[in-house]
1. Please find, in a Gaussian network model of chain A (springs between Cα atoms separated by less than 10 Å), the residue of A:Gln112, A:Gln139, A:Gln306 whose mean-square fluctuation is greatest.
2. Segment A:160-177 to segment A:178-228: how many Å between their Cα centroids?
3. How high is the relative contact order of chain A, in percent, with contacts defined as C-alpha pairs under 8 Å that are six or more residues apart?
4. What do you get for GluC sites (Glu not before Pro) in segment A:204-251 restricted to DSSP loop and a cutoff of at most 15 other Cβ within 10 Å of the site's Cβ?
5. Please compute the Kirkwood hydrodynamic radius of chain A from all pairs of different C-alpha atoms, in Å with one decimal.
6. Return the single residue from B:Val72, B:Val24, B:Val56 with maximal mean-square fluctuation; model: Gaussian network over chain B, springs between Cα atoms under 10 Å.
7. Can you find, among A:Ala195, A:Leu219, A:Leu234, the residue farthest towards the positive end of the dipole of segment A:181-246? Put +1 on the C-beta of Lys and Arg, -1 on that of Asp and Glu.
8. Using a 10 Å cut-off around each Cβ of peptide B:73-79, what is the average number of partner chain Cβ atoms that fall inside?
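Throughout, read-outs are computed from the coordinates displayed, never taken from laboratory work. It should be emphasised that the depicted structure is a prediction, and the values quoted were computed from it without experimental measurement. Cβ atoms come from the backbone with ideal geometry, glycine included; neighbour counts cover every protein chain shown.
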Amino acid sequence: MNRIELVCPAGSLPALKTAVDHGADCVYLGFKDATNARNFSGLNFEPAQVREGIAYAHARGRKVLLALNTYPQAANWPSWTAAIDRAAESGVDAVILADPGLMAYAARTHPQLRLHLSVQGSATSYEAIEFYRERFGIQRAVLPRVLSLAQVENVIANTAVEIEVFGFGGLCVMVEGRCALSAYATGESPNCNGACSPGRHVRWEETPRGMETRLNGILIDRFANGERAGYPTLCKGRFEVNDETYYALEEPTSLNTLELLPELARIGIRAIKIEGRQRSPAYVTQVTRVWRAALDRLQAAPAAFQVTPAWMAELNKVSEGQSHTLGAYYRPWK
Amino acid sequence: MKLALGPLLYYWPRQSVLDFYADVADSSIDSVYLGETVCSRRHELRLEDWFEVGRVLAAAGKEVVMSSQGLVESESDLKTLRRIVRQAADGQPGFRVEANDMGAVRLLTEAGVRDWVAGPTLNIFNPTTLQLMIDGGATRWAVAPEISGAALAEVRAALATPIETEVFAHGRLPLAHSARCFTARHFNLQKDTCEFRCLAINDGITLRTREGEPFLTLNGVQTQSARVHNLLGDIDDVQGRAEVLRISPQGSHTRDIIDLFRAVLDGMRSPVGALAEARALMVEAPCNGFWHGRAGVDQYVAA
């Protein structure tokens with residue numbers, strides 16, 4: 001059985017260190033700017049921190065992946081190519097890219113730099129993945145959270161590119177890289193600005209009707225007294241459709257595929273990604289610890305693998321809305 | 001300036017679709033995009049039926065473009081995609097193709113097709129990526145609606161050779177695609193057993209905020225804006241930055257909207273007057289924020 005790599009999020013140096021300490025095979029991070037899809041204030045790495053993080057991980061035999069997975073525009077193109085140059089010089093083990101133009105630049109300028117296709121590239125078929133392999137020599141692709149297990153298996157059977165999937169964390173209900181909802185509401189999007197429903201457009205208002213959360217003035221949800229008010233990610237609000245008020249797109253919930261691990265291993269998944277660079281080092285510690293234990297158990301005795309209640313309890317504690325879903329892997333979710 | 005009719009994003013009964021395109025054949029539209037781009041479960045018209053509609057439109061002098069699926073998930077989706085590419089490559093019936101994912105780009109390039117449209121879901125945001133598409137045979141760039149007029153002008157200015165450019169000029173904005181069907185979810189159904197409940201919902205289902213403000217539109221696995229993106233009032237600004245205006249089919253008055261755009265292009269109506277006139281023809285209030293580099297939902301009027 002192939003060994004599955006555990007890829008953990010690092011929004012800061014402490015998160016990186018704890019991920020490495022608790023058994024991540026790889027950590028992924030981004031620079032402190034709009035070149036990556038978690039461009040939040042107080043998050044991400046200055047160049048010196050990148051060097052320190054890489055030294056820490058490499059000393060312990062782990063890898064560092066650098067996300068440069070937003071789409072540069074004509075006006076800011078030089079900042080993205082400079083970021084590629086910095087990444088290559090820093091000695092990262094791979095860069096995670098979405099934009100074909102940037103891949104062409106990386107392949108030409110730094111032919112030894114390993115390229116991963118970001119989930120933001122929206123490649124959902126082997127034909128799309130092969131496009132990036134033939135043109136730019138990508139070695140791994142992260143699949144959007146839309147395919148069923150049988151469809152993932154079919155992708156793996158038809159491409160030489162390693163396949164990485166999301167295992168745990170915040171769940172995009174839309175195809176990643178194909179969502180302009182945030183741009184429509186706020187003018188800022190994951191594709192171009194590296195942030196969905198960005199904080200500077202958020203307003204929390206205590207009103208006689210309850211706590212209201214707004215995004216650029218648009219009411220995303222309203223919470224009764226005693227209800228836990230969540231962040232107004234716009235696809236996870238409550239709206240009215242034909243006079244019915246409900247989570248019309250998706251509930252606040254996390255993806256959790258722990259129970260699918262044996263199947264994911266059998267079909268040949270090469271890496272599992274944990275979402276959450278915007279989360280705290282405590283989150284990273286907890287999630288990394290559980291997934292390391294689960295992957296080790298699977299490796300030692302695949303036939304006997306069972307998810308323990310303790311693992312699920314630990315993961316539910318850090319889930320959005322304290323609940324989890326199998327997402328698109330589970331047909332009724334669709 | 002050319003006028004193009006975008007692919008039909010809703011699921012209408014077969015006869016309504018055939019009647020709609022019979023009317024389009026008689027209109028002043030220049031190009032017509034055909035095919036199912038939203039949900040592969042929809043089957044009122046099969047691929048062969050779309051080819052037949054295309055033949056009728058071509059005979060009426062329209063340029064016909066077959067649009068590929070935006071979200072390709074299954075082997076059967078790939079089979080449809082290959083047939084769309086093959087008809088372009090072997091000339092039977094030989095319609096131009098709009099590539100809406102990189103799988104389509106790969107297949108078109110591999111088949112040696114040199115005259116395709118780079119669709120709005122390809123995420124082309126900079127000249128380097130657009131040039132890669134041009135090198136692969138793209139001869140028209142249908143710009144993603146979220147790109148502003150100023151940003152697309154910068155992309156075009158940096159190209160070695162110009163490319164015909166198409167902007168989304170009228171209709172509810174296609175904003176997102178999911179594996180989940182939100183229409184089925186609304187009716188408490190699963191996608192696999194959806195009972196095709198989106199059939200005959202002419203303009204999708206409006207989603208409102210809890211204050212009753214129209215915000216989005218549920219159209220099966222696609223989420224659209226509730227507001228109608230309308231560039232009628234901005235046509236002077238669009239000219240020089242694009243050569244083709246896309247009008248997205250809507251449940252009624254599509255023909256009137258085509259006529260209104262044509263009248264403005266012919267100098268028979270003022271842009272501002274046409275926009276005022278269009279209000280009676282739209283399913284919701286207008287917006288144009290994306291074109292002006294703002295939130296898409298905004299209706300921006302220069303001071």
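1. Among A:Gln112, A:Gln139, A:Gln306, the largest mean-square fluctuation in the Gaussian network model of chain A belongs to A:Gln112.
2. 23
3. Over chain A, the number comes to 21 percent.
4. On the way: sites: A:Glu205, A:Glu206, A:Glu212, A:Glu227, A:Glu240, A:Glu244, A:Glu250; in loops: A:Glu227, A:Glu250.
Answer by residue number: A:Glu227.
5. On the way: mean 1/r = 0.0488 Å⁻¹.
After inverting the pairwise mean of 1/r, the radius is 20.5 Å.
6. B:Val56
7. Value computed over the given set: A:Ala195.
8. 5
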